[in-house]
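Here the structure comes first, spelled out in structure tokens, and everything after it is commentary.
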Amino acid sequence: MAKTVGPFSPWCRIGQTIATSGQIGLGDDGKVVEGGFGPELEQTLRNLSNVLADAGVTREQVIKVNVYLADLADWSALNGPYAEFFGSWLPARTAFATSALPLGARVEIEAWVVVEETR
């Protein structure tokens, strides 16, 4: 899992709720991957998957996703890889444009998970 770029945790859990910090397309070198929106989105989704795994949950447990786009024109390019990532389980989603993202990223994704209590 990539190191955070600020004073925050990759994820936090209180009770049955897990919130992830926003993930961007950071590669192993700590820089946003090159190649445009597609490769950056793919890396962002890999990073989100790694954070979810670190929290001990799967993407099938995600109930809500917030997507931040540096350019709303990337909306169409988001949908295919996003749908492939989540498969048949599609959580609720909000997506909107923002004026800027950390490190010049073009996309940032955060997720909310509710886990069942173990008995």
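The values are calculated or read from the model by the stated rules, or taken from the named source; none is laboratory data. Because the structure is a prediction, the values reported are computed rather than measured. Methodologically, a virtual Cβ is constructed for each residue, glycine included, from the backbone with ideal geometry; neighbour enumeration extends over all protein chains shown. Areas reflect the complete protein model, heavy atoms only, side chains present, ligands, DNA and RNA absent. Shrake-Rupley method; radii C 1.70, N 1.55, O 1.52, S 1.80 Å.
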Where residues in region 38-66 are surrounded by fewer than 20 Cβ atoms within 10 Å (Cβ to Cβ) and touching a Leu at 6+ places or on another chain (Cβ under 9 Å), which of them is nearest to residue 15 (Cα to Cα)?
61
Show the residue pairs that are 6+ apart or on different chains and have beta-carbon atoms under 9 Å apart, the first residue being within region 1-14 and open to solvent by 100 Å² or more (accessible area, probe 1.4 Å) and outside any strand (DSSP E or B), the second being of a type in the set (D, E, K, R) and modelled with pLDDT of 65 or more.
1/54
Is region 35-54 home to any residue that is in a strand (DSSP E or B) and among the charged types (D, E, K, R)?
no
Count of region 82-102 residues which are modelled with pLDDT of 95 or more, surrounded by 12 or more Cβ atoms within 10 Å (Cβ to Cβ) and part of a helix (DSSP H, G or I):
3
Considering every residue within region 50-68, establish whether at least one is of a type in the set (A, V, I, L, M), touching a residue at least 40 places away in the same chain (Cβ under 8 Å) and farther than 22 Å from residue 116 by Cβ.
yes
Please work out which residue is farthest from the chain's Cα centre (by Cα), limiting yourself to region 37-49 and to residues that are touching a residue at least 60 places away in the same chain (Cβ under 8 Å) and farther than 17 Å from residue 88 by Cα.
37
Over region 69-83, the set of residues of a type in the set (D, E, K, R) and either closer than 16 Å to residue 42 by Cβ or touching a residue at least 60 places away in the same chain (Cβ under 8 Å) (or both) is 74
